[in-house]
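For reference, the structure discussed in these notes is given below.
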Amino acid sequence: MAAPPPALRRLLLLLLFSLLLLASVAAAAAAPAAEEEEFTEELLLRPLPDRKALAHFHFRSSASPSAAAAGRHHHVFPKAIAQLVQQFHISELELSFTQGRWNYEQWGGYDPMSTNYAKPPGVELWAAFDLPLDEIDATWKNLTHTLSGLFCASINFLESSTAFSAPRWGFKLNEGNLRYGALPREAVCTENLTPWLKLLPCRDKAGIASLLYRPSIYKGYYHSQKLKLTSSQSFGIIIDQTLTVVLQPDTFRGQQLHSTDGQLQPSWSMKDLFNRKLSGKCRVSKSSRVFLEIENDIVDKSGTEASSTNELFVLSTAPDRVLKELNNMDAQSSSLYEYDVSNYNNDKPLDVGITWKLPLIWSCTPAPYHANRFLMGSGNERGSIALSFRSTNLHKQLFGSSNDCSIKAVVFQVVPWYVKVYYHSLQIFIDGNSKAISEVVEKIHVTPSEDKHLPGTLEMLLRLPCSMESATLSLDFDKGFLHIDEYPPDANQGFDIPSALVTFPEFNSSRSYPEGDTLFVSPLLQTFKEDGVVKSYTEVLLVPLTTPDFSMPYNVITFTCTVLALYFGSLLNALRRRIGEEERELKKAAAKRGLIPLLIAKLRGKKVDPPPQGSSPTSLLSTKLLLKVVFVAVVAVSLHYLSNS
């Protein structure tokens with residue numbers, strides 16, 4: 001074979017050199033892009049006083065401003081979220097799917113977990129946009145449809161103007177660019193968890209997310225998955241994906257322990273809670289840690305410093321580090337036992353657990369007031385909404401026993417348009433005594449509802465005296481009427497009023513822990529340090545409305561169609577019937593003496609002439625065959641009747 005000419009060889013060498021140069025440039029450009037995106041995974045475990053266990057999964061994905069630019073390839077950061085931010089100009093967004101209600105009395109109300117991750121039942125969505133005010137409503141509607149398809153949920157129901165509101169300062173201080181909506185009846189299942197896991201680089205195949213065993217997660221008492229998004233030109237996009245579950249440890253597999261006054265404290269481990277152990281970290285995660293949180297009230301009762309072994313409990317695995325809260329002078333503080341997941345693998349899996357040595361009863365610090373909401377009245381015409389506060393005397397632990405002080409409380413409530421609230425009927429009772437509104441209400445903002453257009457919004461700043469033991473606020477309302485097309489399929493179940501949010505701006509639930517690694521800050525501990533105002537969500541109210549008899553349209557349609565069918569059938573029969581032709585046809589059929597014409601003549605009641613004497617035996621056979629057919633039909637009908645009876 002002849003060698004290629006020199007010109008062709010030079011061209012091939014130049015092409016090869018260009019390809020190598022492009023590959024090196026692409027690799028050099030991809031390396032900084034990969035470094036500009038980070039992913040961390042963390043898990044927090046905590047025993048609860050009522051024999052349950054709390055598990056909080058925290059995943060953070062971040063992209064720098066250059067990595068979050070439109071059209072860039074993402075290595076770790078989910079591309080769908082980056083496109084969402086670019087398309088709708090979102091500065092902040094929070095979406096939560098919750099099943100069950102957080103128990104503020106048993107599980108605590110004055111800690112970062114209850115403040116930041118306790119959410120109302122159903123779906124809650126709020127978003128702040130970096131757009132002109134006249135474009136926000138249209139952008140919100142498009143956003144709800146996008147999120148509905150992304151998370152396989154009915155979030156698109158929030159597109160209607162009757163389903164979302166624009167709070168001023170009661171929910172979150174903003175400049176009019178925030179929209180809020182809630183769907184209390186939205187069911188939460190694996191269809192919502194699967195797309196949520198797809199946003200993780202390792203999904204649930206490796207790392208801490210591999211502990212998300214579906215039967216264990218969804219059999220818990222409380223389940224809340226949340227996605228919080230923050231976008232800025234200075235730090236890029238940050239996504240915090242959290243999953244908070246409250247589980248009942250399996251006391252049959254775990255060791256049954258002591259009891260005191262009927263309170264049992266079972267031992268548990270990750271194997272008991274999630275039916276599996278942790279075999280290692282996600283390969284692309286920058287950090288993978290597991291924390292076990294023990295309240296200092298328990299540690300103090302043990303009589304020793306925070307350690308993995310003391311008089312009250314023993315940890316199944318020795319921690320890598322113990323973190324004590326820096327400012328433990330508050331009402332409730334805790335210690336963290338830290339485990340680095342990168343030190344474990346398939347041959348040496350991590351199974352964090354706790355075994356109790358002695359019986360123990362403790363309690364979590366509640367919020368300053370227990371807030372509850374309920375309905376008053378009866379009938380389908382009118383009623384009242386009542387919001388009650390019960391003091392927990394937390395101010396005595398924080399500020400002393402002085403009763404001359406006052407406590408601020410902010411109430412945020414969204415009411416559907418068909419619940420017509422009379423805001424001028426507000427009544428306030430403190431310790432059973434009626435009080436003037438000016439004595440308690442310091443600031444109020446009301447957005448009245450509009451029929452089939454806007455929901456009602458109430459934002460109210462209260463100043464409650466510290467000496468108060470209980471307070472009740474009531475509002476009267478009338479029940480509206482809906483069009484038949486506006487009723488849901490289960491209208492007789494009632495209609496839901498979303499949970500009210502009660503905020504205590506003077507109480508901060510933040511916690512600070514020392515960081516051993518100065519080059520890396522734990523995202524979970526960083527959220528604990530943030531200024532977290534104490535919040536509490538109330539119950540969802542179920543309001544029965546007057547519902548029509550949905551079977552009546554069906555009955556009317558059926559009856560009308562039957563009458564019309566009989567009328568038009570008889571009319572057409574009378575108009576189209578030709579008696580002379582029918583008689584001639586019957587005579588011809590009788591002359592033929594066939595089986596079918598004879599049967600038709602019998603059914604029509606026509607007189608059939610007897611066959612002539614010289615008729616052929618075929619006519620006799622036809623008559624016998626007809627009798628046999630009639631006999632068989634009668635026998636079949638009789639057997640069918642007897643079998644049914």
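The values are calculated or read from the model by the stated rules, or taken from the named source; none is laboratory data. Please read these numbers as outputs of a predicted model, since none were measured by experiment. Neighbour counts are summed over all protein chains in view; Cβ atoms, including those assigned to glycine, are modelled from backbone coordinates with ideal geometry. With ligands, DNA and RNA removed, areas are computed over all heavy atoms of the protein, side chains included. Shrake-Rupley method; radii C 1.70, N 1.55, O 1.52, S 1.80 Å.
Fully extending the segment from residue 568 to residue 483, taken as 0.36 nm per residue of separation minus the present Cα-Cα distance, adds 27.3 nm. Seen through its C-alpha gyration tensor, with square-root eigenvalues sorted a ≥ b ≥ c, segment 33-365 comes out prolate because a/c lies at 1.5 or above while a/b is bigger than b/c.
I want to verify the translational diffusion coefficient of segment 352-481 in µm²/s; compute it with Stokes-Einstein, Rh as the Kirkwood radius over Cα pairs, at 10 °C and 1.306 mPa s. Don't skip to the answer; put the middle values down first.
On the way: Rh = 17.0 Å.
Estimated diffusion coefficient is 93 µm²/s.
Relative protection proxy for 440-452, 350-362, from highest mean packing down: 350-362, 440-452 (other beta-carbon atoms within 10 angstrom). Relative to one another, the C-alpha centroids of segment 81-121 and segment 205-243 are positioned 10 Å apart.
Return the subset of 228/324; 324/408; 52/226; 420/443; 172/408; 172/198 for which the Cα-Cα distance in this structure is over 19 Å, preserving the input order.
Values: 228/324 28 Å; 324/408 31 Å; 52/226 21 Å; 420/443 22 Å; 172/408 16 Å; 172/198 30 Å.
In this structure, 228/324; 324/408; 52/226; 420/443; 172/198 exceed 19 Å between Cα atoms.
Between the amide H of residue 507 and those of 534, distances stay under 5 Å, these residues lying 5 or more places away or on another chain, with hydrogens modeled in the peptide plane.
Put a plus charge on the Cβ of each Lys and Arg, a minus charge on the Cβ of each Asp and Glu, and nothing anywhere else: the dipole of segment 73-192 about its Cα centre is then about 180 debye.
Protein heavy-atom surface of segment 33-365, 1.4 angstrom probe: 46% of the accessible area is carbon and sulfur, with nucleic acids and ligands not counted. Rounded to the nearest 0.05, the FRET efficiency derived from the C-beta distance between residue 521 and residue 554 at R0 = 51 Å is 0.20.
Among the listed pairs 119/141; 219/452; 286/529; 271/535, which are separated by more than 29 Å between their Cα atoms?
Working: 119/141 23 Å; 219/452 38 Å; 286/529 21 Å; 271/535 33 Å.
Check vs 29 Å cut-off fails for 219/452; 271/535.
Net charge of the neighbourhood of residue 230, taken over other residues with C-beta under 11 Å away and scored Lys/Arg +1, Asp/Glu -1, is -1. Listed values for segment 538-549 are Karplus-derived 3J(HN,Hα) couplings in whole Hz (6.51 cos²θ - 1.76 cosθ + 1.60, θ = phi - 60°), namely 8, 6, 7, 8, 10, 9, x, 10, 5, 10, x, 7, and x replaces Gly and Pro.
Amide H contacts under 5 Å for residue 466: 405, 406, 407, restricted to partners 5 or more places along the chain or on a different chain, H placed in the peptide plane at 1.01 Å from N.
Backbone phi angles across segment 412-426, fed through the Karplus curve with coefficients 6.51, -1.76 and 1.60 (θ = phi - 60°), yield HN-Hα couplings of 10, 9, 10, 10, x, 5, 7, 9, 8, 7, 9, 5, 6, 8, 4 Hz in residue order; Gly and Pro are listed as x. Full extension of the chain between residue 470 and residue 427 yields a length gain of 14.1 nm, computed as 0.36 nm times the residue separation minus the alpha carbon distance.
Modelled label positions at residue 398 and residue 374, each set 7 Å beyond Cα in the direction of Cβ, lie 2.7 nm from each other.
For segment 33-365, give the magnitude of the charge dipole about the Cα centre (Cβ charges: +1 Lys/Arg, -1 Asp/Glu; no others), in debye to the nearest 20. Numbers along the way, then the final one.
Working: 33 positive and 38 negative charges, 206 e Å.
Once rounded to the nearest 20, the dipole reads 980 debye.
The distance linking segment 142-199 with segment 342-394 is 24 Å (Cα centroid to Cα centroid, whole angstrom). Looking at segment 33-365, the DSSP beta bridges with both ends there are about 95 percent antiparallel.
Using the Cβ-Cβ distance between residue 542 and residue 363 with R0 set to 25 Å, the FRET efficiency from 1/(1 + (r/R0)^6) comes to roughly 0.25. Taking a sphere under 15 Å around the Cβ of residue 349 and counting the other residues whose Cβ falls inside, with K and R at +1 and D and E at -1, yields a net charge of +1. Summing Lys and Arg as +1 and Asp and Glu as -1 over all other residues whose Cβ lies under 11 Å from the Cβ of residue 196 gives a net charge of +1. The Rg/Rh ratio of segment 167-221, with Rg taken over Cα atoms and Rh as the Kirkwood radius over Cα pairs, comes to 1.16. Rounded to the nearest 0.05, the FRET efficiency derived from the C-beta distance between residue 73 and residue 130 at R0 = 41 Å is 0.95.
Rounded to a whole number, what % of the accessible area of segment 369-509 do carbon and sulfur atoms account for, probe 1.4 Å? Walk me through the numbers on the way to the answer.
Values: 3250 of 6600 Å².
Here carbon and sulfur together make up 49 percent of the probe-accessible area.
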